[in-house]
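**Student:** Please find one structure pasted underneath; my questions will follow.
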Amino acid sequence: MEEGDREPARPEPIQTPKGMHDVLWPASARWEAAVSCFARLVEGAGYGLAITPILEHVGIFHRGIGEESDVVGKEMYTFADRDGQVLALRPEGTASVVRAFVQHHPVPPWKSWYVAPSFRHENPQHGRYRQHFQLGVEALGPTDPDLDVEVISLAHDFYAALGLRDVTLKVNSMGDGECRPAYLALLTAFLDAHRDELCAPHRARYTDNPLRVLDCKTPECRAATESAPHFIDHLCEPCTAHFQRVREGFDALGMTHVIDHRLVRGFDYYTRTTFEFASGAIDAAQNAIGGGGRYDGLVEMLGGAPTPGIGFGIGLERVFIACDAEGVFPTDAAAVPLDAYVIDVTGGDEARLLTAELRRAGLRVDRGFDGRSMKSQIKSADRSGAQVALVIGTQEVASNTVGFRPMLTDGEQRDVPRADVVAELRSYLINTEP
Ligand code: HAM
């Protein structure tokens with residue numbers, strides 16, 4: 001371009017939507033490692049991967065989560081598609097997996113896991129996003145409280161596997177169709193008596209969902225409900241026995257837990273055991289790094305034969321915030337370096353062949369392109385983090401050798417016969433393993 005020429009106008013770049021993020025490498029290596037760790041853990045307990053569409057008919061969430069909930073009432077991404085079907089981006093994974101269970105009727109017990117981008121139109125803050133990733137499990141069939149312990153222990157063991165230590169397991173019981181109406185009546189009577197002390201929105205609407213008042217973070221509601229009746233003191237006999245057995249299970253597995261009478265969770269589908277894992281290392285407003293519970297009525301709500309279930313969702317972004325705060329499972333620890341980087345300054349034929357040969361032998365290899373200079377390719381090899389650069393110049397082609405140049409240790413470049421490169425690289429990698 002001549003001096004004075006103007007650069008052609010480029011369109012304004014477009015950024016990610018508010019509250020949504022790219023995850024690029026090397027940071028994405030930690031995501032991959034965490035998902036693999038989770039998959040290993042839950043597959044080792046008999047859970048198989050479930051992949052459901054990112055969009056569902058909106059009724060799935062209206063029926064399952066409840067129209068009064070914040071997630072459905074205020075935060076869902078809902079739209080009519082070109083055929084006029086009203087669809088929603090999934091705000092969570094449970095309703096979708098249970099919809100799939102009802103649709104395909106697999107034989108229970110049916111245990112599934114998922115990794116699911118989930119969408120909620122929230123006010124973005126650190127740890128609260130409009131798209132977040134959930135790792136979760138859903139187990140359908142047994143009412144056995146030991147299944148609750150199994151599910152909760154999987155989340156517990158996942159945090160431990162990443163190295164997190166400052167995690168508190170909070171539990172509560174939401175009762176069932178037998179005992180919940182009586183408890184709700186009791187709680188409503190309590191709130192009637194304390195109405196004037198509640199925060200303004202709850203003063204006007206506490207009867208819609210009295211449980212939500214327990215969960216309200218305003219100092220007014222907190223103070224007003226200090227002496228509110230506790231659900232676990234008003235459970236029916238079977239729900240009491242269930243909760244007792246779950247707690248015994250935690251003790252048997254050495255899982256410390258606390259009872260949190262305010263833990264009512266935000267969705268209508270919960271029954272009996274509810275739980276949350278809170279990280280002590282991060283901001284209290286976003287410290288829930290996972291949560292879940294039983295939903296013994298959800299399958300029926302979605303049109304299936306009565307089948308109990310339990311599961312959890314773990315927010316991956318928040319888990320990483322907790323990891324960073326605790327200084328564990330760092331981003332760079334997960335990245336696997338390349339074994340070799342092939343440099344060819346003779347036109348590229350040799351690089352094409354050698355790279356393919358090494359990759360087919362199971363080695364991790366990258367190469368330079370575009371016939372760049374030796375200096376520029378060495379720079380790329382350096383930046384790639386590869387252990388070895390394999391250098392091909394005219395001299396190497398003539399002598400049917402490859403220059404073998406260790407990149408991360410001292411060591412001179414030496415010639416290796418072309419036919420021995422795979423074996424040489426393998427033995428080098430074994431001998432320099434930390
Ligand atoms: P949840 O508590 O709404 O439960 O979400 C599960 C986890 O996802 C939370 O503990 C948090 O770590 C993460 N999370 C939620 N919203 C956001 C957000 N806006 N930004 C970042 N992270 C977020 C559920 O979704 C239930 N489906 C869990 C479940 C499974 N219950 C039974 N089975």
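A short reminder: the numbers here are calculations on the coordinates, not readings from a lab. Small disclaimer: the values here were computed from a predicted structure and weren't measured. As a convention, Cβ positions derive from the backbone with ideal geometry for all residues, glycine included, and neighbour counts pool all protein chains shown.
**Student:** Please compute the net charge surrounding His57, taking Lys and Arg as +1 and Asp and Glu as -1 over other residues with Cβ under 13 Å from its Cβ.
**Tutor:** Residues near His57 contribute 0 overall.
**Student:** Taking the Cα centroid of region 401-424 and of region 45-68, what is the distance between the two, rounded to the nearest whole Å?
**Tutor:** 54
**Student:** Could you work out the Rg to Rh ratio of region 214-361, with Rh taken as the Kirkwood radius (inverse of the mean 1/r over all Cα pairs)?
**Tutor:** Looking at region 214-361, the ratio lands at 1.24.
**Student:** Next question. For region 328-434, compute Rh as the Kirkwood radius over C-alpha pairs and then the Stokes-Einstein diffusion coefficient at 25 °C and 0.890 mPa s; write the answer in µm²/s, rounded to an integer.
**Tutor:** For these conditions, the coefficient is 175 µm²/s.
**Student:** Among 134-145, 80-91, how do they line up by average Cβ neighbours within 10 Å per residue, starting with the highest?
**Tutor:** The most tightly packed comes first, giving 134-145, 80-91.
**Student:** Rank by packing, highest mean first: peptides 284-297, 161-174, 246-259, with packing defined as the count of other Cβ atoms within 10 Å averaged across residues.
**Tutor:** 284-297, 161-174, 246-259
**Student:** Still on this model: Using only Cα atoms, find the angle between the long axis of helix 180-193 and the longest principal axis of the chain, and express it within 0 to 90 degrees, rounded to the nearest 10.
**Tutor:** Between helix and principal axis, roughly 80 degrees.
**Student:** Tell me, in nm to one decimal, what length is gained between Thr188 and His261 on full extension, where the rule is 0.36 nm per residue of separation less the Cα-Cα distance?
**Tutor:** 24.7 nm
**Student:** Taking the Cα centre of the chain as origin and charging only Cβ (+1 Lys, Arg; -1 Asp, Glu), how large is the dipole, in debye to the nearest 20?
**Tutor:** Once rounded to the nearest 20, the dipole reads 240 debye.
**Student:** Grab the beta carbon distance between Val336 and Phe369, set R0 = 25 Å, and tell me the FRET efficiency rounded to 0.05.
**Tutor:** 0.70
**Student:** For the chain, what does the helix formula give at 222 nm: sum of -39500 (n - 2.57) over DSSP H segments with n ≥ 4, over the residue count, nearest 500 deg cm²/dmol?
**Tutor:** -11000 deg cm²/dmol
**Student:** Let me ask another. Could you please state, rounded to a whole Å, how far the C-alpha centre of region 333-377 is from the C-alpha centre of region 105-140?
**Tutor:** 39
**Student:** Going 7 Å from the Cα of Phe79 along its beta-carbon direction, which residues of region 1-45 have the amide nitrogen within less than 14 Å of the resulting point?
**Tutor:** 17-18
**Student:** What does the chain give for Rg and for Dmax, in Å, if only its C-alpha atoms count?
**Tutor:** Computed over the Cα atoms of the chain, radius of gyration and Dmax are 28.1, 94 Å.
**Student:** Given the alpha-carbon gyration tensor of region 157-277, what are the semi-axes of its equivalent ellipsoid in whole angstrom, ordered largest first, with each equal to the square root of 5 times an eigenvalue?
**Tutor:** 28, 18, 11
**Student:** Enter the angle in degrees (range 0 to 90, nearest 10) between the Cα long axis of helix 421-431 and the first principal axis of the Cα atoms of the chain, meaning the one along which they spread out most.
**Tutor:** 60
**Student:** Also, I was wondering about something else. Take the residue pairs Lys18/Lys379; Lys18/Lys111; Lys74/Lys217; Lys111/Lys217; Lys74/Lys111 and return only those whose Cα atoms are more than 27 Å apart.
**Tutor:** Exceeds cut-off: Lys18/Lys379; Lys18/Lys111; Lys111/Lys217; Lys74/Lys111.
**Student:** Scattering from the C-alpha atoms of region 197-251 alone, worked out with Debye: what is log10 I(q)/I(0) at q = 0.13, 0.15 1/Å?
**Tutor:** -0.46, -0.57
**Student:** Right, another one. Helix 349-360: angle to the longest alpha-carbon principal axis of the chain, degrees 0 to 90, nearest 10?
**Tutor:** 40
**Student:** Over all directions, average the projected area of the Cα convex hull of region 1-99 and note it in nm².
**Tutor:** 12.0
**Student:** Charges only on Cβ, +1 for Lys and Arg, -1 for Asp and Glu: so what's the dipole of region 22-89 about the Cα centre, in debye to the nearest 20?
**Tutor:** So the dipole magnitude of region 22-89 works out to roughly 220 debye.
**Student:** Cβ under 9 Å from Thr273's Cβ, Thr273 left aside: what net charge do those residues give with Lys, Arg +1 and Asp, Glu -1?
**Tutor:** +1
**Student:** Can I ask one more? Size of the dipole of region 251-404 about the Cα centre, Lys and Arg at +1 and Asp and Glu at -1 on the beta carbon, nothing else charged, in debye to 20?
**Tutor:** That gives region 251-404 a dipole magnitude of about 240 debye.
**Student:** Residue farthest toward the positive end of the dipole of region 125-236, with Cβ of Lys/Arg at +1 and Asp/Glu at -1: which of Asn172, Tyr129, Thr207?
**Tutor:** Tyr129
**Student:** A follow-up question, please. Percent relative contact order of the chain, based on C-alpha pairs within less than 8 angstrom and at least six residues apart?
**Tutor:** Worked out over the chain, it gives 15 percent.
**Student:** Next up: If we sort 268-278, 186-196 on the protection proxy, mean other Cβ atoms within 10 Å, highest first, what's the order?
**Tutor:** 268-278, 186-196
**Student:** Among Ile65, Pro238, Leu425, whose Cα lies farthest out toward the positive end of the dipole of the chain, if unit charges sit on the beta carbon of Lys, Arg (+1) and Asp, Glu (-1)?
**Tutor:** Ile65
**Student:** Among Met407, Pro181, Val107, pick out the residue whose Cα is farthest towards the positive end of the charge dipole of the chain, where Lys and Arg carry +1 and Asp and Glu carry -1 on C-beta, about the Cα centre.
**Tutor:** Going by the Cα projections, it comes out as Val107.
**Student:** I'd like the Kirkwood hydrodynamic radius of region 1-56, using the inverse of the mean 1/r over distinct C-alpha pairs, in Å.
**Tutor:** Taking every pair of different Cα atoms in region 1-56, averaging 1/r and inverting gives 16.4 Å.
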